[in-house]
Amino acid sequence: MLNYYLYRFAQSVALALPIKLAYALAVFLADLHYLLAFRDRRFVKNNLKEIFTGEKNIRLDKISRKVFRNFAKYLVDFFRFERLDRQYISRNIKLENVAYFDQALAKGKGVIVLTAHLGNWELGGVVLAQLGYPFWAVALPHKNKDVDNFFVSQRSRKGVNVIPVGKAVRSCIAALRKNHLLALVGDRDFTEKGLIARLFGKPMHFPEGPAALSLLTGASIVPGFMLRNPDDSFTLRIEKAVEFTPCGDKKKDMKKIIEIYGEIFERYIRAYPDQWYVFRRFWVEQ
């Protein structure tokens, strides 16, 4: 229950302050967290070290601190969803290649919007919903019911239909068969039950959902990322649909699809390491 009241208090502060002041407060608190949260700091640094293996002059301390700061800003943006409208989008968000969604929707089989724990994926979904796309997102429910209701409400009030993990498969198939957009985060399965493939040359558990749903329904997988710019505006960048011809062996097909979009993840994570929010061990221990 304490977490619920903390979230509501943080939201009230984020809404009461001008956005720049809210960001400044978030950065101050993030710096405190960075200093005190030894375990989180260690995981972030270790994960960054893995993606820059063999490279010199990489300042992991500086990047790690920016991870904490950018994640704090991500939370401010989440708390301020009710202020987001078409005017905010036109003022603060640059849209790149959104037409790739329209091209994929023209096939009539729905679109799997694939993203990572990178940038502001929550904001990306809200923006697409505000632009008029029928939008669904699979989300892990919070253990506390009040907290979960708060998070679901923040999303749904802006047009994002939430599908809780555990009830996902049928609802996902239904959304795709309606030719809607279905958002999935595909860069890590923290249940340790995903399909093992390589990212940056190291084995990890990828969620099977995106590849499995694409093979089952024929829906296109279209990667997209909401990236924070240095001036705290955003760029919503959409990639071309993943092109793949199945061989008929489900396991092999799924692994090949994951390898294809895994290369896209690698490119974006390396380009925006300070916006990759993974505060846990990422790769499979060998």
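The values are calculated or read from the model by the stated rules, or taken from the named source; none is laboratory data. The structure displayed is predicted, hence computed values, not measured ones. Because the Cβ atoms are built from the backbone with ideal geometry, glycine has one as well, and the counts that use them run over all protein chains shown.
Would you point out the residue of segment 236-259, among those that are assigned to a helix (DSSP H, G or I) and among the β-branched types (Val, Ile, Thr), that is nearest to Phe78 (Cα to Cα)? Break it down into steps so the answer makes sense when it comes.
If we filter segment 236-259 for residues that are assigned to a helix (DSSP H, G or I), which is where we start, we get 250-259.
With among the β-branched types (Val, Ile, Thr) added as a condition, the list becomes 257-258.
Details: Ile257: 31, Ile258: 29 Å.
Checked segment 236-259; the qualifying residue nearest to Phe78 (Cα to Cα) is Ile258.
Could you look through segment 106-124, keep only residues that are in contact with a helix residue (DSSP H, G or I) (Cβ under 9 Å, 6 or more places away or on another chain) and more than 22 Å from Phe279 (Cα to Cα), and pick out the one that is surrounded by the fewest Cβ atoms within 10 Å (Cβ to Cβ)?
Residue satisfying both the conditions and the ranking: Lys109.
Does Ile196 count as surrounded by 13 or more Cβ atoms within 10 Å (Cβ to Cβ), modelled with pLDDT of 95 or more and either outside any loop (DSSP other than H, G, I, E, B) or at positive phi (or both)? Reasoning before the result, please.
On the way: surrounded by 13 or more Cβ atoms within 10 Å (Cβ to Cβ): yes; modelled with pLDDT of 95 or more: no; either outside any loop (DSSP other than H, G, I, E, B) or at positive phi (or both): yes.
When the stated conditions are applied, Ile196 does not pass them.
Restricting to segment 208-235, name every residue that is buried (at least 22 other Cβ atoms within 10 Å of the Cβ) and in a loop (DSSP other than H, G, I, E, B).
Of everything in segment 208-235, just one residue is buried (at least 22 other Cβ atoms within 10 Å of the Cβ) and in a loop (DSSP other than H, G, I, E, B), namely Ala219.
Name the single residue that is farthest from Phe206 (Cα to Cα) among those in segment 172-191 being under 18 Å from the mean Cα position of the chain (by Cα), touching a residue at least 24 places away in the same chain (Cβ under 8 Å) and not in a strand (DSSP E or B).
If we take residues in segment 172-191 being under 18 Å from the mean Cα position of the chain (by Cα), touching a residue at least 24 places away in the same chain (Cβ under 8 Å) and not in a strand (DSSP E or B), then Cys172 is farthest from Phe206 (Cα to Cα).
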